[in-house]
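One structure is given below, encoded as structure tokens.
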Amino acid sequence: MAKSNTKEKTNLDYAEATKTKKPRLFKILILNDDYTPMVFVVHVLMKFFQKDEEGATRVMLEVHHKGSGVAGVFTKDIAETKVLLVNQYAKNHEHPLKTIAEPE
Ligand code: TYC
């Protein structure tokens, strides 16, 4: 005989328990500096963030005028990996360009 206070799990309980949760998202901010050429920033936004030339130029100019701008929004692992890749790529090309990841 079942204990009186034992709750049976309903189909709905299983559906709730197994439903996939949305991952936390992180935005990658690209930061302004005085030395990185505009054309290099546009190139980076196209190479690493799948922007077309028009979209890349829009983000680059926003960063240039306001100090920072959103290059893209990703899960934590992808955002952290992209930050490392982009910052290393800029360093390899002797530009001070930096990106950072922050939670949305
Ligand atoms: N401010 C830079 C210049 O005048 C251009 C620039 C734009 C640099 C965006 C970095 O993330 C950046 N050459």
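The values are calculated or read from the model by the stated rules, or taken from the named source; none is laboratory data. Here the structure is a predicted model, which means the values were calculated and not measured. Cβ atoms come from the backbone with ideal geometry, glycine included; neighbour counts cover every protein chain shown. Areas reflect the complete protein model, heavy atoms only, side chains present, ligands, DNA and RNA absent. Shrake-Rupley method; radii C 1.70, N 1.55, O 1.52, S 1.80 Å.
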If each of Lys22 and Glu104 carries a label point 7 Å out from its Cα toward its Cβ, how far apart are those two points in nm?
0.6
Give me Rg/Rg_expected for the stretch 21-103, where Rg uses Cα atoms only and Rg_expected = 2.2 N^0.38 Å with N residues.
1.03
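Dipole of the stretch 21-103, Cα-centred, from +1 at each Lys and Arg C-beta and -1 at each Asp and Glu C-beta, to the nearest 20 debye?
With only Lys, Arg, Asp and Glu charged at Cβ, the dipole is about 480 debye.
State the percentage of accessible surface on the stretch 16-103 attributable to carbon and sulfur atoms; use a 1.4 Å probe and exclude ligands, DNA and RNA.
Of the solvent-accessible surface of the stretch 16-103, carbon and sulfur hold 55 percent.
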Highest average packing first - 78-84, 65-71, Cβ atoms within 10 Å:
78-84, 65-71
